[in-house]
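Asks: Here's a structure for you.
The values are calculated or read from the model by the stated rules, or taken from the named source; none is laboratory data. Everything quoted here is computed from the prediction, not taken from an experiment. Neighbour counts are summed over all protein chains in view; Cβ atoms, including those assigned to glycine, are modelled from backbone coordinates with ideal geometry.
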Amino acid sequence: MAVHAPTAPRRRWGSTVAGLLVLAVMLFPLYWMLNTALQPDSGLLQVDPVPPGLDLSGFTKALTDQGGNLLTSLLVSAGAVVICLAVAAPAAYGLARFGLRGSRTIVFGTLITQMVPGIVIANALYTSYVDLGLVNSYAGLMLADASLGIPFSIVLMRSFMVSVPGEVIEAAEIDGAGPVRVFLRVVLPMSRNALITSGLFAFLFAWSDFMFALTLNTTDDVKPITLGIYQYIGAHVGDWGSVMAAAVLSAVPAAILLVLAQKYIAAGITGGSVK
Amino acid sequence: MTTSTATAPPAAAPRKSTAPDPARARLCRRLARWGFVAPAVVFMLLFFGYPLVRNVVMSFQHYTPKTFFTGEAPFNGADNWSSVFQDALFGKALWHTLVFTAGSLLGQFCVGLALAVFFNRRFPLGGVLRSLILLPWLVPMVVSGVVWRRILDQDTGVLNTFLDTLGLGGHTPWLTSPGTALLSVILVNVWIGIPFNMVILYGGLQEIPKELYEAASLDGASAWRAFRSVTLPLLKPVITVVLVLGFMSTVKILDLILALTDGGPADATQTLGTLTYQNSFVELDFGAGAVVGNVLILISAVFAVFYLRANRTEGK
């Protein structure tokens, strides 16, 4: 405690001020998004630096126009998370513990998927989706969006499950538990943090997806909020207030996740990419 | 990793063997183990492996808007390839992709590193500020694009208004002139990428033992000298990973460019990603789209080699 008492304080608060300035610059665009959303009447005019009053009509309009799309996004993202975890968690466990021949190749393949551009996947996927009748379907979009999170989740959960102590698993096996039971009752509960982190990221990836929404849908049947906003700017050039209100609404999940789960997010970014 | 599982686990021996023959029991166990991994392998083959192969095949097929009704896409040799390569737009898109990627990486990395070093010092509220900076990275990219489109508007955007107040011009057509559009798109992407770079580099900095800096300062090294001789060399593996991951995610960006400029004005921000999209999904010439997509994969593949090498040297 007493180590950095004497000289430090003033300089350290100076850093805080500098940090606040950096933060202000970095977050300014997001402030401006909110600010514009609260000035729905500004239209194509200049926007005041601070909203003159609390005019929520932009939000009302955005909710009317985009509320359904928000729900679509929520549904599709939730579905993608379920698929992603159901596929990735057992695989991560298998790759971490079973020493299967070919494990290394699979992990290698998982890393390789990060280099495949989404638009290339969409290109091929669209033609197959046409044949399979999956264009304009919730299931089709959920599956495609799940693919965004699966490699990440496998890598992240595997590096976590490697460190689950072997004795615990062996003890359960001696008690007569089969591999599925060991996985469900022992490994999953112990890997809670890795599961939460993977789930969060799978959700964010699916929620932010624009490419699959754009390419795998030809009608308005399944329209997530990202696609909704993109089409909104085409149709409502003069109505920036409600466009920005829709943008604010679409950014809410990210903000909530950041507040509720910041330790998981920082851990996920570092763990998923470096390890 | 192989030690614990190469031989049959001890649990198998004392248990009464219920299966009639042990070879079958072993096979069952092996199948059960593969059962854990198989769904993921199948999924990744379908959603990553298959598209790679399919794109190569498609690049030799003639797709028209009618293809999806008739199901006919006859092979047409190298026609798609030669027509794409002869189109001047392809060369432009390739160049824009390289400029966009290099510019974005340079900006993201330098600012990200500076911020990581800055936040590596302990100061009040440092942790809170650091995690709040992540917010731009978490907002969907299309949404960021839309917001910046408003900010960069030539006549009523806040950036020009601000520059005007300072007497620094303030009439730059950021996104609407072919001369500045690509630069503007790069700047926005730098803003998006800073948090990611910062977080990973910060993680790397945290791993560097503090004693090394104490030793350096005892030896009379300046802060800059310590940065060059201690920080940079020890951070090198993390730097490689950040740059390679950044490259692979930047080279294929589509969302942001579509939201900001739709590839315009006058194709000034058309990249390989947007060109693939335009060929396939706007003009419905999936063969030409596949050609451009293959080029994009090829570029990524070259860098994947770097990535794997980095991954290996960092190794376990």
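Asks: For residues in segment B:107-152 being at the interface with another protein chain (Cβ under 9 Å from one of its Cβ atoms) and within 21 Å of residue B:228 (Cβ to Cβ), which is modelled with the lowest pLDDT?
Replies: B:121
Asks: Here is a further query. Mind checking which residues of segment A:37-74 are of a type in the set (A, V, I, L, M, F, W, C) and in a loop (DSSP other than H, G, I, E, B)?
Replies: A:38, A:44, A:45, A:47, A:50, A:54, A:56
Asks: Answer with yes or no whether residue B:282 is within 29 Å of residue B:52 (Cα to Cα), within 13 Å of chain A (Cβ to nearest Cβ) and surrounded by fewer than 23 Cβ atoms within 10 Å (Cβ to Cβ).
Replies: Here the answer is yes, as residue B:282 does meet what is asked.
Asks: Would you point out which residue out of A:197, A:219 is outside any loop (DSSP other than H, G, I, E, B) and among the polar types (S, T, N, Q)?
Replies: A:197
Asks: For residues that are more than 30 Å from residue B:29 (Cα to Cα) and touching a residue at least 60 places away in the same chain (Cβ under 8 Å), scanning just segment A:94-120, find the one that is surrounded by the most Cβ atoms within 10 Å (Cβ to Cβ).
Replies: That would be A:119.
Asks: Follow-up. Taking segment A:111-135, which residues are more than 7 Å from chain B (Cβ to nearest Cβ) and of a type in the set (S, T, N, Q)?
Replies: A:128
Asks: Checking residue A:173 against (1) crowded, with 24+ Cβ neighbours inside 10 Å; (2) more than 22 Å from the chain's Cα centre (by Cα); (3) more than 27 Å from residue B:142 (Cβ to Cβ), only one condition comes out false. Which one?
Replies: Status for residue A:173: all satisfied but (1).
Asks: Determine whether residue B:88 is of a type in the set (Gly, Ala, Ser) and buried (at least 21 other Cβ atoms within 10 Å of the Cβ).
Replies: The answer is no for residue B:88.
Asks: Considering only residues of segment B:47-85 that are among the small types (Gly, Ala, Ser) and crowded, with 18+ Cβ neighbours inside 10 Å, which is nearest to residue A:88 (Cα to Cα)?
Replies: Looking at the filtered set, the residue picked out is B:59.
Asks: Can you give me the number of residues within segment A:51-62 that are among the aliphatic types (A, V, I, L, M) and over 14 Å from residue A:226 (Cα atoms)?
Replies: Matching residues across segment A:51-62 total 2.
Asks: From B:205, B:201, B:175, grab the single residue that is more than 7 Å from chain A (Cβ to nearest Cβ), outside any helix (DSSP H, G or I), touching a residue at least 40 places away in the same chain (Cβ under 8 Å) and not β-branched (Val, Ile, Thr).
Replies: So the residue among B:205, B:201, B:175 that is more than 7 Å from chain A (Cβ to nearest Cβ), outside any helix (DSSP H, G or I), touching a residue at least 40 places away in the same chain (Cβ under 8 Å) and not β-branched (Val, Ile, Thr) is B:175.
Asks: Moving on. Just one of (1) surrounded by 17 or more Cβ atoms within 10 Å (Cβ to Cβ); (2) closer than 19 Å to residue B:144 by Cα trips up residue A:146, so point out which.
Replies: Of everything listed in (1) surrounded by 17 or more Cβ atoms within 10 Å (Cβ to Cβ); (2) closer than 19 Å to residue B:144 by Cα, residue A:146 misses just condition (2).
Asks: Next up: Consider residue A:30 carefully, then state whether it is loosely packed, with under 15 Cβ neighbours inside 10 Å, under 13 Å from residue B:151 (Cα atoms) and within 10 Å of chain B (Cβ to nearest Cβ).
Replies: no
Asks: Any idea which of (1) surrounded by fewer than 18 Cβ atoms within 10 Å (Cβ to Cβ); (2) free of Cβ contacts under 8 Å to residues at least 24 places away in the same chain; (3) within 25 Å of residue B:254 (Cα to Cα) is the one residue A:52 doesn't satisfy?
Replies: If we test residue A:52 against (1) surrounded by fewer than 18 Cβ atoms within 10 Å (Cβ to Cβ); (2) free of Cβ contacts under 8 Å to residues at least 24 places away in the same chain; (3) within 25 Å of residue B:254 (Cα to Cα), just (3) comes out false.
Asks: Next question, about the same structure. Any idea how many residues of segment A:139-187 are of a type outside the set (Asp, Glu) and closer than 21 Å to residue A:120 by Cα?
Replies: Of the residues in that region, 13 qualify.
Asks: If we scan segment B:252-269, do we find a residue that is small (Gly, Ala, Ser) and more than 14 Å from chain A (Cβ to nearest Cβ)?
Replies: yes
Asks: Something else about it: So residue A:95 clears everything in (1) out of contact with any helix residue (DSSP H, G or I) (no Cβ under 8 Å at 6 or more places or on another chain); (2) at pLDDT 90 or above except one condition, right? Which one?
Replies: Exception for residue A:95: condition (1).
Asks: Touching a residue at least 40 places away in the same chain (Cβ under 8 Å), assigned to a helix (DSSP H, G or I), within 11 Å of chain A (Cβ to nearest Cβ) and under 15 Å from the mean Cα position of the chain (by Cα): does that describe residue B:242?
Replies: Answer is yes for this residue.
Asks: Taking the stated definitions as given, is residue A:145 without any contact (Cβ under 8 Å) to a residue 24 or more places away in the chain and within 11 Å of chain B (Cβ to nearest Cβ)?
Replies: no
Asks: Quick one: residue A:142 ticks every box in (1) modelled with pLDDT under 95; (2) within 30 Å of residue A:97 (Cβ to Cβ); (3) of a type outside the set (Ser, Thr, Tyr) except a single one, so which number is it?
Replies: Going through the list (1) modelled with pLDDT under 95; (2) within 30 Å of residue A:97 (Cβ to Cβ); (3) of a type outside the set (Ser, Thr, Tyr), residue A:142 breaks only (1).
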